[in-house]
Structure formats: C-alpha cells, structure tokens
Amino acid sequence: MPPLLKKVCMAGSFAVGKTSLVRRFVESIFDERYQTTVGVKIDKKLVQMDGQALTLVLWDLAGEDDLSQVRASHLRGAAGFILVVDGCRARTLEAALDLERRITHETGPVPFALALNKADLAPEWEISAATIDPLLRRGWTCTHTSAKNGLGVEDLFLSLARKMLEAKE
C-alpha cells in the first residue's frame, strides 16, 4: 500500500524558526545562519504512524505577520498546519493567533499544532505558561521545541500527523 500524502503548511512570523524546524525534522541538522525563505520551500519526510506509512509534504511558507501576503494557493489542500512562535518574542504569538484565524477561514477546520520554539533560550522567553494555558483549555496542541538541540521537534510533527490521520477517519 503506497504511503498517504499529507500536506502540512508551516506558518509564522519572520525568524521564528520554521525552516530550522523543518531541517531538524527532515535532515536532523541545525545551522546557526539565518536563512530567509522566499515564497515557499517544500520538503518531504516519510513517517510511520500506527502501521500506516505517511509522507508529510512540508510547505515552509515565508515568514509573515500578515496572511494577506501568503497566497491562498499555498494553503489549498493542506491537511494540517503548524504555527511557529518564537518564545523570546511575545508578538510572534499574537501574530500566530491571527494567522490561525485567517488560515482556518481560508482552509476550513484542519488539524494544527503550535510550536513554542527556541526552548533552548527559555530563560529569555517573553511568553509564559499563563499565556499558553487558555490555548490549552481550548484544545490546542502546544509543543515546546528547539530546532537547535532537537527538543520536541519529532513530537511536534508526529502529533500533528496523528491528528491528521484521526481527522480522515
């Protein structure tokens, strides 16, 4: 049986770590140099989930605080999305909350996860647990991640994969 293909869009503000998370997940590497994504970069990774082969097609969208800059065509066909937030910049959470509303308006209800990235810099975080608690109560999946040291990266993508498989049932 061929693997299922699932398109996942990575969204968030500039420099939150979307590309670094994808590279850590797909290639198990981290590069300190900042790489600006222009438009969209697409990667794939085959994973096994409950005996089902699943190819995640990862659309790394250019960093935007304003979804009007993201073309609707990039979002079409998405089975899920990951909102990436930089824990050191509170405004990136505000931008992610706005992006979630706009993406859901464009795609309809699809599974998503929130990556609270840069966990390796936790002492410098501007985002507290008290800020995230209301999102957890609303049923959001929030994962502390670090593209630098790999913390939570695999869990982030696999938890979204599980949600996407459950959504198709």
(message) Being touching a Pro at 6+ places or on another chain (Cβ under 9 Å), at pLDDT below 95 and more than 15 Å from K6 (Cα to Cα): is that true of T104 here?
(response) no
(request) Tell me which residues, restricted to segment 45-54, are at pLDDT 90 or above and either aliphatic (A, V, I, L, M) or within 22 Å of L116 (Cα to Cα) (or both). (result) K45, L46, V47, A53, L54
(request) Select from segment 68-115 the residues that are in contact with a Ser or Thr (Cβ under 9 Å, 6 or more places away or on another chain), more than 22 Å from S146 (Cβ to Cβ) and of a type outside the set (G, A, S) and write down the one among them that is surrounded by the fewest Cβ atoms within 10 Å (Cβ to Cβ). (result) R76
(message) Here are the criteria: (1) over 16 Å from V8 (Cβ atoms); (2) in contact with a Phe, Trp or Tyr (Cβ under 7 Å, 6 or more places away or on another chain); (3) assigned to a helix (DSSP H, G or I). Tell me which single one F157 does not satisfy.
(response) (1)
(request) Looking only at segment 83-101, decide whether some residue is among the β-branched types (V, I, T), within 14 Å of A15 (Cβ to Cβ) and in a strand (DSSP E or B). (result) yes
(request) For segment 116-144, enumerate the residues that are of a type in the set (S, T, N, Q) and surrounded by 11 or more Cβ atoms within 10 Å (Cβ to Cβ). (result) N117, T131, T141, T143
(request) Inspect all residues belonging to segment 60-68 and state whether any of them is modelled with pLDDT of 90 or more and either within 25 Å of V26 (Cα to Cα) or touching a helix residue (DSSP H, G or I) at 6+ places or on another chain (Cβ under 8 Å) (or both). (result) yes
(message) Checking the condition more than 19 Å from G150 (Cβ to Cβ), among the aliphatic types (A, V, I, L, M) and at pLDDT 95 or above, which residue from V40, V57 passes?
(response) V57
(request) Search segment 104-117 for residues being assigned to a loop (DSSP other than H, G, I, E, B) and touching a helix residue (DSSP H, G or I) at 6+ places or on another chain (Cβ under 8 Å), and hand back the single one that is farthest from A78 (Cα to Cα). (result) P111
(message) So if I check each of G77, G139, G150, which one is in a loop (DSSP other than H, G, I, E, B), in contact (Cβ under 8 Å) with a residue 24 or more places away in the chain and out of contact with any helix residue (DSSP H, G or I) (no Cβ under 7 Å at 6 or more places or on another chain)?
(response) G77
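The values are calculated or read from the model by the stated rules, or taken from the named source; none is laboratory data. Everything quoted here is computed from the prediction, not taken from an experiment. Note that each Cβ is placed from the backbone with ideal geometry, even for glycine, and that neighbours are counted across all protein chains shown.
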